[in-house]
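The values are calculated or read from the model by the stated rules, or taken from the named source; none is laboratory data. Bear in mind that the values here come from a model prediction, so they are computed numbers and not experimental data. Neighbour counts are summed over all protein chains in view; Cβ atoms, including those assigned to glycine, are modelled from backbone coordinates with ideal geometry.
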Amino acid sequence: MTSTATGSYATWCSATPGNEEVCSEAVHTVKANAYFGGVGGAHGTAGVTATVQGNPASTLTADATETGTFCDPFTEDPDDYSACQAYYDGSAVCSVMGALDDMPTAQFTPACPTSVTLSSTTPFSLASNFPALQTGIGIVAFMQLNPASQPDGSNWNGTQLTELVSANIDNCPSNIASCRALGALTVGTGGSGYGLQWPAQTNIMWDEHVLTSERSQRVRG
């Protein structure tokens, strides 16, 4: 979300005779603040404040951009969206006349990656899981989020994404269950499974793709 406060007092200066000296000495300060409820956004509960100063003849614009890092509409309590509630405020103050009437406006810009690309895969070993598992196994896939940074310059670590799975090619026998998404994926975390461990990587999320059985099975085609 971006909160923008903008304004100029040049009209008052030029249209009111005798105020040239006041206008030449005055300093205007414009502030804009953007923040989220709950535990706050990427910069905590205080959010982000932008401050711009200048003379009254200038049009001043302060842009404060905050990212709702902890907002997840998929897992939030449907009766309490406080973490996703965005707020904004601001002020415009003249050093001579005091508070002005300019009010900030807000532009909501959802921070979402534009694409996800496959970074690498690591296979699970059936031999390492035998005899507990006697058939199947699969891979852990590591996926890169793009672009490398959010609008505020931070990385995507901690962001949760939800999968939408569709099968484009499926030549498995009818008795093999199709793939389905289970829960959200968190960016920038490490993990372990089926005898392997992998570290956290910036802007990388991982997902296991496995099919296993405790019995020895042979698929005949």
Note to self: Exactly one condition in (1) among the β-branched types (Val, Ile, Thr); (2) modelled with pLDDT of 85 or more; (3) assigned to a loop (DSSP other than H, G, I, E, B) is false for Val116; which is it?
What the structure shows: (3)
Margin query: Can you go through Phe74, Phe70 and tell me which one is aromatic (Phe, Trp, Tyr), in a loop (DSSP other than H, G, I, E, B) and at pLDDT below 70?
Written below: Phe74
Next item on the list: State the number of residues belonging to the range 134-164 that are within 20 Å of Ala200 (Cβ to Cβ), of a type outside the set (Ser, Thr, Tyr) and in contact (Cβ under 8 Å) with a residue 60 or more places away in the chain.
Entry: 10
Margin query: So the check is Cβ under 7 Å with 6+ separation or different chains; which pairs have a first residue in the range 33-48 that's on the phi < 0 side of the Ramachandran plot and in a loop (DSSP other than H, G, I, E, B) and a second one that's crowded, with 21+ Cβ neighbours inside 10 Å and among the polar types (S, T, N, Q)?
Written below: Ala42/Thr67; Ala42/Thr69
Next item on the list: With respect to Thr49, determine if the residue is at pLDDT below 80 and of a type outside the set (Phe, Trp, Tyr).
Entry: no
Check: Listed residues Asp63, Asp80; which is modelled with pLDDT of 80 or more, among the acidic types (Asp, Glu) and outside any helix (DSSP H, G or I)?
Finding: Asp63
